[in-house]
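Shown below is the structure under consideration.
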Amino acid sequence: MNRDYVFGRIYIWSIILIGTVAFCFYFKIPIASLEEWVLIYLLAGSVLLSNYFLVYLPPEGNSISMDSSIYLACLFLYGPYITMIVLSLFTIIYAVYNRKTQLWKHLFNFSMYCLMLLGAYYSFVASGGKIGLVNIQNIFPYLLALFVYFCLNISFLSLHFIISSRSTFKGVLNVGLLKEVAITYCITLLLSLVLAILLDSEKYFGLFLFTILITLLSFVFGKFIQLYRLVSERANCDYLTGLYNHGFFKETLKEKFSDAKLLQQPLSLALLDLDDFKKYNDCNGHLQGDKLLKFFGDLLQKGAEGKGYVVARYGGEEFAVLMPNTKQEEAFLFMNRLRKEINDTYFAGVEYIPYRCISFSCGIAEMEKGMQDCGELIHKADQAMYYAKAQGKNNVQIFDEHNISLSALEFKEDLDALEQQVKIFLSKDVYTYRHSKRVFTYALEMSDRLDLTDHEKQTLILGALIHDIGKLEVPRDILNKKGKLEPHEWEIIKKHVIWGKEILATEKRFEDVLPLVELHHERYDGKGYPYGLKGEDIPKLARMLCVIDSFDAMTTERPYQRTKTFEEAIIELRRCSGTQFDPFYAEKFIELIETKYLPRIKEQMSG
């Protein structure tokens with residue numbers, strides 16, 4: 001049995017046990033008066049209605065239940081005794097009504113509310129609050145009670161998530177989420193005070209007014225949500241196909257990418273291009289071409305129904321399918337099966353194009369551990385799609401660096417283009433130019449000693465040459481300063497990795513090199529910049545470049561600065577192995593220096 005599942009169950013039943021014991025401590029029979037029973041039934045009925053008529057808020061899926069307002073108002077006026085009876089009565093009725101929900105979930109929810117209400121009660125009384133009185137003098141106790149109620153709720157749910165999935169508090173809670181929850185709880189406190197005032201002055205009629213209020217709010221906000229959904233669909237959907245448009249797809253991809261990284265779940269992306277669409281348009285006209293795009297979009301949407309996939313028109317005749325919680329092998333089987341079904345679906349005019357059927361070329365990429373943003377996933381899926389087209393169209397390809405790499409000619413052209421960029425340093429900072437050339441040479445030699453694909457070797461070499469291009473944006477007086485940099489000057493220097501990425505991002509063909517430019521100053525222990533990435537969260541090529549770059553920086557000759565010898569730099573690499581540097585790549589690079597460079601240096605010294 002899964003260990004996390006066991007720990008999660010232990011946590012749940014511990015909360016249930018503690019909450020049940022706390023409830024039993026306050027539960028006393030019989031209740032003194034018939035009037036109290038009537039009030040309890042009415043309050044429980046109001047809680048039931050508040051759970052049925054939820055107040056929905058945008059974006060879609062958010063809602064507020066007013067039950068906490070009712071419980072808190074009851075607590076402030078009547079204390080924990082009556083409140084616990086209301087809570088237990090509601091739980092029993094709701095469990096009978098909602099029998100599809102497992103019993104332990106009802107018990108866990110009941111126990112959480114018990115503990116939250118008791119925590120709010122004791123903090124309210126301890127801070128000077130008077131049960132049964134609603135006045136301005138109780139404002140601080142009210143706020144404190146709500147704060148404790150809020151903290152207990154967040155803590156119980158967060159601990160459950162953390163224990164069950166081994167995530168961290170940083171992953172479970174974020175500032176945006178806390179702000180949203182805090183605002184909801186402020187509304188809860190305000191409404192609880194409104195109800196308490198109504199109950200205190202009018203009792204049954206006041207409760208009736210409050211219940212009518214939340215019911216009306218539910219209807220009004222329900223209509224508002226319908227309007228919001230209609231406007232959102234129009235803004236997010238492609239006018240021709242009815243699928244999601246490019247903008248909405250990119251936003252959704254960012255969200256799903258972040259969720260997949262946080263939850264450590266697979267995420268696959270398929271980009272597909274409708275084959276020979278231009279020829280179809282030429283033969284049948286653009287109006288018929290639009291009908292084909294609509295028909296094709298409908299087929300994609302129908303094929304993805306019930307799977308939780310996001311289907312979008314990416315642009316022109318290109319489409320995208322985002323597949324959360326799906327590995328690339330599963331994605332391949334799905335897309336290939338869909339391709340064959342679409343091949344067998346006739347549409348007027350397809351007999352005039354090469355395959356004589358509707359066909360598409362598809363590329364699939366899966367999110368990898370070292371990916372920092374969804375742009376890398378799109379780029380790899382895009383490369384796989386073009387590889388599929390190069391294989392004769394009407395096929396599906398998974399991104400594979402062994403198959404999808406630059407040709408020798410393209411590599412030479414890219415190298416020449418980057419060489420021209422680096423030469424700009426000759427007029428601004430000759431040391432950076434020479435440093436870039438040496439790092440390039442080391443990377444060239446290092447790439448042959450590692451188990452890398454041709455594509456990875458080429459990417460490492462290009463990245464080594466251009467890694468400091470962002471220093472073109474750093475003022476000359478800071479680059480050439482002989483003394484120690486001031487803190488503000490150091491902050492400017494650190495920005496060169498971001499500036500470098502921005503400079504290089506203007507050329508689409510250099511997308512694979514961007515992580516090396518941006519991340520070569522990240523440290524293995526997570527203390528680097530710009531993002532503080534740690535261990536294998538840093539792409540492996542960036543970890544290699546970090547070692548090479550640091551070694552050359554230590555051994556670079558500059559006036560008025562002490563330079564480390566190769567032997568001293570090797571000692572430093574080993575000392576920082578596992579902290580600043582990836583231990584494996586540090587040792588591999590040391591092997592290169594010891595076998596190729598040190599013998600040559602010793603020979604020169606002896607000569």
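Every number here is computed from the coordinates shown, using simple stated rules; none is lab data. Only a predicted model underlies this, so the values are computations on that prediction, with no experimental measurement involved. Heads up, the Cβs are rebuilt from the backbone with ideal geometry, glycines too, and the neighbour counts pull from every protein chain shown.
Go through 271-280, 293-302, 544-553, 461-470 and give me the packing order, highest mean Cβ count within 10 Å leading.
Numbers: 271-280: 20.2, 293-302: 17.3, 544-553: 23.4, 461-470: 25.6.
Output ranking for 271-280, 293-302, 544-553, 461-470: 461-470, 544-553, 271-280, 293-302.
Working out 0.36 nm times the residue gap between Leu34 and Glu536, then minus their Cα-Cα distance, what length gain in nm do you get to one decimal?
Numbers: separation 502, 0.36 × 502 = 180.72 nm, distance 6.69 nm.
The Leu34-Glu536 span can extend by a further 174.0 nm.
Looking only at Cα atoms, what is the convex hull volume of the range 246-398 per residue, in Å³? All intermediate terms of the calculation are to be shown ahead of the outcome.
Details: hull volume 15.0 nm³, N = 153.
It is 98 Å³ per residue.
Given the pairs Lys256/Lys294; Lys428/Lys471; Lys256/Lys380, which are separated by over 19 angstrom at their Cα positions?
Working: Lys256/Lys294 26 Å; Lys428/Lys471 10 Å; Lys256/Lys380 17 Å.
Pairs exceeding 19 Å: Lys256/Lys294.
Still on this structure: If you put +1 on each Lys and Arg Cβ and -1 on each Asp and Glu Cβ, how big is the dipole of the range 408-606 around its Cα centre, in Debye rounded to 20?
My answer is approximately 780 debye.
Lys and Arg at +1, Asp and Glu at -1: add these up for the other residues within a Cβ distance under 13 Å of Leu43 and post the number. Kindly include the intermediate steps, with their values, before the conclusion.
On the way: positive: Lys203; negative: Glu35, Glu36, Asp67.
Residues close to Leu43 contribute a combined charge of -2.
Another question, if that's okay. With a Förster radius of 41 Å, plug the Cβ-Cβ distance of Tyr52 and Val6 into 1/(1 + (r/R0)^6) and report the FRET value to the nearest 0.05. Numbers along the way, then the final one.
Numbers: r = 35 Å, r/R0 = 0.86.
The formula returns an efficiency of 0.70 here.
Where does the chain land at 222 nm, in deg cm²/dmol rounded to the nearest 500, when only DSSP H runs of n ≥ 4 count, each adding -39500 (n - 2.57), divided by all residues? Please report the intermediate quantities before stating the final value.
Working: 25 runs with 389 residues, N = 607.
It lands at -21000 deg cm²/dmol.
Taking the Cα centre of the range 246-398 as origin, sum charge times position over the Cβ atoms of Lys and Arg (+1) and Asp and Glu (-1), and report the length of that vector in debye to the nearest 20. Can you show the working numbers first?
Values: 20 positive and 22 negative charges, 24 e Å.
Charge dipole, the range 246-398, about its Cα centre: 120 debye, nearest 20.
Normalised by the number of residues in the chain, what is the relative contact order in percent for Cα pairs under 8 Å and 6+ residues apart? Working shown, then result.
Working: 799 pairs, mean separation 51.3, N = 607.
It rounds to 8 percent for the chain.
Can you tell me the dipole magnitude for the chain around its Cα centre, using point charges on the Cβ only (Lys, Arg +1; Asp, Glu -1), in Debye to the nearest 20? Before the final figure, lay out each step's value.
Values: 66 positive and 71 negative charges, 244 e Å.
Using only the charged Cβ atoms, the result is roughly 1180 debye.
Relative to a virtual label point 7 Å from the Cα of Glu329 in the Cα→beta-carbon direction, which members of the range 349-390 show backbone nitrogen distances below 18 Å?
Zone members listed by number: 364-369.
Can I ask one more? Enumerate the residues in the range 492-512 having an amide nitrogen under 16 Å from the point lying 7 Å beyond the Cα of His246 toward its Cβ.
508
Something else now. R0 = 25 Å: FRET efficiency of Tyr204 with Asn98, Cβ-based, nearest 0.05? Walk me through the numbers on the way to the answer.
Values: r = 27 Å, r/R0 = 1.09.
Rounded to the nearest 0.05, the efficiency is 0.35.
To continue, here is another question. Would you mind computing, in nm to one decimal, how far apart the modelled labels at Thr441 and Arg600 are, each placed 7 Å from Cα along Cα→Cβ?
In this crude spin-label approximation the distance works out to 0.6 nm.
Now, a different point. Just want the ordering: Ile154, Ile93, from fewest to most Cβ atoms lying within 10 Å of their own Cβ. Could the numbers behind the result be given before it?
Values: Ile154 17, Ile93 14.
Ranking Ile154, Ile93 by Cβ neighbours within 10 Å, fewest first, gives Ile93, Ile154.
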